[in-house]
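Chemist: Before I ask anything, let me first share the structure, which is written out below as structure tokens.
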Amino acid sequence: ELVFLTNCTVLDFLTNRLWGEVPVEITEMRQLEYLNLGYNQLSGTVMPEYGNLENVTYLMMDFNNLVGTIPPELGKLTQLSGWLSLEGNSLTGTIPQSFAALTNATWIYPLNQNDL
């Protein structure tokens, strides 16, 4: 189980044909700095708990089957200095105002190929 990887800093599952809902247990990996779940077939929502990953510098969940709105809690990822990518899903709503706090992010891709 992923929850036992408490000291893991990099989790890269890019293009691994993963399916099902994104495991909430990933949000317990507090040392995580790089999380890439892109180009899989993950479903469900972007959970607010991902805002608890306070050390994350890169967060990619692009090109999956995620639905719902972008949780404002992602604006708490103030260590984000690389990419935040949520493009290529079926997200709806608006970009949270809390994203204004992500001043160190290099790229933020929440808009492309969504319904925002």
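The values are calculated or read from the model by the stated rules, or taken from the named source; none is laboratory data. These figures come from a predicted structure and were not determined experimentally. A quick note on method: Cβ atoms are made from the backbone with ideal geometry, for glycine too, and the neighbour counts reach across all protein chains shown. Accessible surface areas use protein heavy atoms only, side chains included; no ligands, DNA or RNA. Shrake-Rupley method; radii C 1.70, N 1.55, O 1.52, S 1.80 Å.
Chemist: Can you tell me which residue among Glu49, Glu73, Glu54 is part of a loop (DSSP other than H, G, I, E, B), acidic (Asp, Glu) and open to solvent by 10 Å² or more (accessible area, probe 1.4 Å)?
Modeler: Answer to the selection: Glu54.
Chemist: In this structure, does Gly38 turn out to be part of a loop (DSSP other than H, G, I, E, B) and at pLDDT below 95?
Modeler: In short, no.
Chemist: Same structure, new question: Across segment 13-28, which residue is surrounded by the most Cβ atoms within 10 Å (Cβ to Cβ) among those that are under 13 Å from the mean Cα position of the chain (by Cα) and part of a loop (DSSP other than H, G, I, E, B)?
Modeler: Once the filter is applied, the top-ranked residue is Val22.
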